[in-house]
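Peer 1: Take a look at this one; I'll ask things after.
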Amino acid sequence: MNKSACGMAAGFVCLLAGLAVAGDPVVADGGLTTGVPKGMVVIPAGINSGKDPDFGAYALTNRTAFAMDATEVTKARWDDVRIWGATHGYTDLPAGGSKGTNHPVVTVSWYDCVKWCNARSEKEGRTPCYTDGGGICRTGGPSPTCTFTANGYRLPTNTEWEYAARGGVSGKRFPWGDTIDHTRANYKGNPSGNAYDQGYEGFDTRYATEGSPYTSPAGAFAANGYGLYDMAGNVWEWCWDASEVNRLHRGGCWSYDAGPARCGRRDYTFEGAENHILGFRAVCR
């Protein structure tokens, strides 16, 4: 596959209703609003600008509304699409890992998530966003080309993710404000090292049971202003953007302190990485 330097193109809102999957804890819209797939919420067009207390001045522009999964993709939803994909040309999607069917799927690489998004698109009658040499990307490795104007599912760009994570709130460290504790997100507390951490030391005691991963069920904490859950903590979320062979992931996770859970924080990992702290959510336009 060839790498692409595709820029963000003006998109459009999805036109077909999606399908609910057993095990999804949150059905954000319930398919009642025309153009919004079940389990997704609309992220409105606009500009979010301000001064982040740690990362300084920023300006995020979202020119057109898009839909985003309200929660991180659960194991139940992953399995639903993977099983369909296995008989429709998507023969190398892994089983993935998870604490439970209503927890985020983990141990899936960036490549896996890209192919899964295409499978979800085809399953629901949408146009896949990712291609390889002109054909739909269904199997194999390195980075495909993304057609941002297609109405299929894909990983969010850096700007889309942060604009959505801030939830309409400007200039704050987290989606809700400038401090964090274990009532807000699933992360590893380190109040002695971070003044903005008002939680306790160590893993979230409610979820640090029965072995790793110590994830929480998707949607276990309050949503941000756009109706998105777990934009801080639980599992890191793969995004489209790249730095050489590494891909962006954002939002922090259950096994790290609150630093990576900040809205302005960016981290990168090898595209093929599969571990218990990486998951994702999809968007469509």
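Peer 1: Go through the stretch 52-89 and give me each residue that's hydroxyl-bearing (Ser, Thr, Tyr) and either buried (at least 16 other Cβ atoms within 10 Å of the Cβ) or over 21 Å from Met231 (Cβ atoms) (or both).
Peer 2: Going through the stretch 52-89, the residues hydroxyl-bearing (Ser, Thr, Tyr) turn out to be 58, 61, 64, 71, 74, 87.
Once the filter is applied, which keeps residues that are hydroxyl-bearing (Ser, Thr, Tyr) and either buried (at least 16 other Cβ atoms within 10 Å of the Cβ) or over 21 Å from Met231 (Cβ atoms) (or both), the stretch 52-89 yields Tyr58, Thr71, Thr74, Thr87.
Peer 1: Follow-up question, since we're still on this one. Between Val283, Val235, which is over 22 Å from Asp52 (Cα atoms) and in contact with a Leu (Cβ under 7 Å, 6 or more places away or on another chain)? First the steps, then the outcome.
Peer 2: On the way: Val283 fails: in contact with a Leu (Cβ under 7 Å, 6 or more places away or on another chain).
Matching residue, one of Val283, Val235: Val235.
Peer 1: Please work out which residue is nearest to Pro213 (Cα to Cα), limiting yourself to the stretch 144-201 and to residues that are in contact with a Cys (Cβ under 9 Å, 6 or more places away or on another chain) and charged (D, E, K, R).
Peer 2: Lys188
Peer 1: Further question: Within the stretch 43-62, count every residue that is part of a strand (DSSP E or B) and of a type outside the set (S, T, N, Q).
Peer 2: Looking only at the stretch 43-62, we keep the residues that are part of a strand (DSSP E or B), and these are 43, 46-52, 56-62.
Filter once more, so that each one left must be of a type outside the set (S, T, N, Q): 43, 46-47, 50-52, 56-60.
Counting residues in the stretch 43-62 that are part of a strand (DSSP E or B) and of a type outside the set (S, T, N, Q) gives 11.
Peer 1: A follow-up question, please. Hey, does the stretch 28-42 have a residue that's in a loop (DSSP other than H, G, I, E, B) and at pLDDT 95 or above?
Peer 2: Checked against the condition, which is being in a loop (DSSP other than H, G, I, E, B) and at pLDDT 95 or above, the stretch 28-42 yields no hits at all.
Peer 1: In this structure, does Val108 turn out to be in a helix (DSSP H, G or I) and aliphatic (A, V, I, L, M)?
Peer 2: Judged against the criteria, Val108 is not a match.
The values are calculated or read from the model by the stated rules, or taken from the named source; none is laboratory data. All values derive from a computational prediction rather than experimental measurement. When we count neighbours, we look across all protein chains shown, and the Cβ atoms used for this are built from the backbone with ideal geometry, even at glycine.
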